[in-house]
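Notes follow the structure.
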């Protein structure tokens with residue numbers, strides 16, 4: 001089988017899995033027509049899906065069809081380490097916010113994720129989680145000026161924060177003035193819905209707090225930094241005005 005055909009087949013199988021979990025009734029002929037292939041090809045696809053452990057049921061007789069058990073896939077989530085860390089941190093943030101909605105199963109999800117890590121990975125995750133802080137809700141004035149930071153900025157910040165390396169940013173203050181900074185992102189602070197970076201700013205040679213949505217550009221460097229205790233940033237964090 002050529003690489004193109006193999007790729008097409010994998011894509012078709014993914015679509016089949018989605019279609020067969022819906023309420024719609026599909027026969028093999030229906031699926032063949034939808035995907036523009038022969039009924040024999042669809043039959044082979046279904047056979048391969050069964051070999052992979054998918055629970056595909058077939059109704060016998062005239063008008064019979066095929067369907068995939070709706071519960072298939074639950075408990076089979078396989079996340080890369082970086083994505084699992086992201087999910088754990090998100091769960092930690094939700095728990096710290098103490099929202100009564102959708103929290104019933106979070107502890108169980110967190111325990112299962114953590115259990116899948118090696119002891120060393122667990123320590124790494126705990127260190128990252130300890131660097132995420134939850135503050136009070138942002139004022140109405142601050143919320144009205146909030147905007148979505150560029151995706152490339154978020155990605156660079158995420159990488160620098162996780163790997164504990166410095167970040168070069170183009171930052172815009174409230175008055176519109178922009179400057180280039182090199183910062184060490186020690187902590188993240190959420191004053192819902194605004195995220196701040198609690199960092200050491202080399203331009204000012206002192207701790208500073210930066211609004212993520214005011215970062216116009218960001219680039220991860222290869223310069224690592226040693227984590228400072230939260231107390232070193234306490235005066236900045238306790239400032240009433242965090243619009244910078």
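Cα-based Rg (one decimal) and Dmax (whole number) for segment 85-207, in Å?
So, for segment 85-207, Rg and Dmax equal 16.2, 48 Å respectively.
How big is the shadow of the Cα convex hull of segment 140-237, averaged over all directions, in nm²?
6.1 nm²
Read-outs: derived from the displayed coordinates by stated rules, not from any lab. Predicted model, so just to flag it, every value in this text is computed and none were measured.
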